[in-house]
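The values are calculated or read from the model by the stated rules, or taken from the named source; none is laboratory data. This is a predicted model, so every value here is computed, not measured. Glycine also receives a Cβ, built like all others from the backbone with ideal geometry; neighbour counts cover every protein chain displayed.
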Amino acid sequence: MLPEDDIDICSKIIIVGDGAVGKTCVISCMTNNTIDWERDPDYEPTVFNNYMTNWDHPSIPAGNRSMEIWDTAGQESFQQLRCMSYPDTKVFFMAYDVSNRASLSNVYTKWEPEIAGYGPDPDPNPWVILIGTKADFRNDKERKDDCIPLEECEAVAKKIGASMWIETSAKTNATFPKQSGIAKLQDALMCLAYHRAKGHPRPNYDDQSWFKPGLSASDEPSAAEKMAEEKKESKVVAPPPAKVAAPAKVVEAPEKKAEAEPRVDLNKIRADPPQTDTNIGNKSGGEDPRGLCNCWCF
Ligand SMILES: Nc1nc2c(ncn2[C@@H]2O[C@H](COP(=O)(O)OP(=O)(O)OP(=O)(O)O)[C@@H](O)[C@H]2O)c(=O)[nH]1
Ligand SMILES: [Mg+2]
């Protein structure tokens, strides 16, 4: 373990992007991992939700580290509420769906101006990780032709001054977390938040020296991989009951790791989403079928 660092870090992270691109599913992968992909998960638009957690990374000196991650509504009707959450954000996740060109162009026509222009003291150069979601579509014979070429996505990352661009699949993460891009996203988030807290300049896309693989470096099967394996085995004897929350993803617990602390849970308040070109459906009211809770266990 590296020596204790001299600073306490509490980083605020926000995810933005069009409605239904898969923001909440990505956050779920980084937290409780309870989405049941064997049943097509219902789309429940988010209004607002946040999570608080401690975190660590093998390349980052130990210290008092916490992160607050905010899941926002992509729906236009929640713009005002969403914007209120922007001040003091250290790292933004900007998400697009790899099969939805409008969601990618909205990254620079809508989301980048929105986060860089809000509030009395907006940050004209926000720190951003661009996230492609639903990357499993790239290997899906029925959907791969809809997918945006990788070069175009990378060009957008450069255009908005993102420090990194990562394509992820929340769906694949259930069985292949290393390949899903989620572990890499977690590593990138921790490294970038630390870099910012240390007062370093915002990294350019072409300089990735700030990034160190941690979770994504291990060859050991992760807890999620083992869980998926166990789930498969237990299915032979008895199918798992629907909607039972899976155990939280556990990755080498650090000595100082604490239970994630619930903060605010408004996820039960459902949006009444307008139909946009990225809105694949809607449903309001009732329990969240994904069973999301406010926790984050790296
Ligand atoms: N194939 C596939 N589908 C996904 C993936 N992630 C999300 N989805 C689907 O997309 C739907 C919407 O995902 P959400 O995470 O709720 O979308 P969101 O961006 O949070 O939407 P808002 O809360 O309205 O802004 C889910 O119900 C899934 O069916 C993925 O990685 N692969
Ligand atoms: Mg959501």
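Worth a mention:
- Inter-residue pairs, beta-carbon under 9 Å, first in contact (Cβ under 8 Å) with a residue 40 or more places away in the chain and in the range 16-33, second assigned to a helix (DSSP H, G or I) and within 9 Å of ligand 2 (Cβ to nearest atom), 6+ apart: 16/23; 17/23
- Tally of residues being charged (D, E, K, R) and surrounded by 21 or more Cβ atoms within 10 Å (Cβ to Cβ) across the range 18-55: 3
- Some residue of the range 69-79 being at pLDDT 90 or above, more than 14 Å from ligand 2 (Cβ to nearest atom) and in contact with a helix residue (DSSP H, G or I) (Cβ under 8 Å, 6 or more places away or on another chain): yes
- Residue 143 meets the conditions (1) in contact with a Phe, Trp or Tyr (Cβ under 8 Å, 6 or more places away or on another chain); (2) farther than 19 Å from residue 88 by Cβ; (3) modelled with pLDDT under 95 in every case but one. The failed one is (3).
- The combined condition, being within 16 Å of ligand 2 (Cβ to nearest atom) and closer than 19 Å to residue 156 by Cα, is fulfilled by residue 96.
- Of all residues in the range 153-168, those satisfying the criterion of being of a type outside the set (Phe, Trp, Tyr) and assigned to a strand (DSSP E or B) are 164, 166, 167.
- Being under 18 Å from residue 168 (Cα atoms), away from ligand 2 (no atom under 16 Å from the Cβ) and of a type outside the set (S, T, N, Q) is a property that residue 8 lacks.
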